[in-house]
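J.: Could you have a look at this structure, given as structure tokens, before my questions?
The values are calculated or read from the model by the stated rules, or taken from the named source; none is laboratory data. Values in this document were obtained by computation on a predicted structure and should not be read as measured data. Every residue, glycine among them, receives a Cβ derived from its backbone with ideal geometry; neighbour counts consider all protein chains shown.
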């Protein structure tokens, strides 16, 4: 299997990424959060427009994982300006999980953080997202706090905050 990580910058790449996000989110988050919250969060955080805004105003960088030329997953990171890299998104198609591809992406995320001279990587994960929590623990990340964030329309994100010191 030929695999590569590509920085997504062109509009067509970001539109394709938004479509992939919708596919993954509707599969993965069903049963963790409500269908209404899934759709709201897709529009607010994972849509083409949201990605463009995050890149322009929040210093986000989007990367796609491709195997044999087909996009199977993606991640987004942002240098928070405080010595830390925020891992905002890391997602894989269901049929690609368990093959080491998420770990392959995480190694690239660590390289990005080191290239920026950053001391740690942190992320938020829903407290009921057991499969992702297990992966983050496997990578040596630790919970540093829990937080509840109001995201509008009556929805909240109830998250663990994980961190890894580099």
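J.: Could you check how many residues of segment 89-120 are assigned to a strand (DSSP E or B) and either more than 13 Å from residue 75 (Cα to Cα) or touching a residue at least 40 places away in the same chain (Cβ under 8 Å) (or both)?
T.: Just the residues of segment 89-120 that are assigned to a strand (DSSP E or B), to begin with: 89-92, 120.
Next cut, either more than 13 Å from residue 75 (Cα to Cα) or touching a residue at least 40 places away in the same chain (Cβ under 8 Å) (or both) only: 89, 91-92, 120.
Selection size over segment 89-120: 4.
J.: Only residues in segment 57-71 that are at pLDDT 95 or above count as the first member; pair them with residues that are surrounded by fewer than 17 Cβ atoms within 10 Å (Cβ to Cβ) and assigned to a loop (DSSP other than H, G, I, E, B), Cβ under 7 angstrom, at least 6 apart or cross-chain, and list the lot.
T.: Within 7 Å, the pairs are 67/1; 67/2; 68/1; 68/2.
J.: Let me ask something else. Evaluate the following for residue 140: is it farther than 22 Å from residue 64 by Cα and surrounded by fewer than 17 Cβ atoms within 10 Å (Cβ to Cβ)?
T.: Yes, satisfied.
J.: Separate question: Of the residues that make up segment 132-153, is at least one over 23 Å from residue 34 (Cα atoms) and touching a residue at least 40 places away in the same chain (Cβ under 8 Å)?
T.: Scanning segment 132-153, I find no residue that is over 23 Å from residue 34 (Cα atoms) and touching a residue at least 40 places away in the same chain (Cβ under 8 Å), so the answer is no.
J.: Which of the following residues is in a strand (DSSP E or B) and crowded, with 16+ Cβ neighbours inside 10 Å: 77, 135, 156, 161?
T.: Going through 77, 135, 156, 161 in turn, the sole match is 77.
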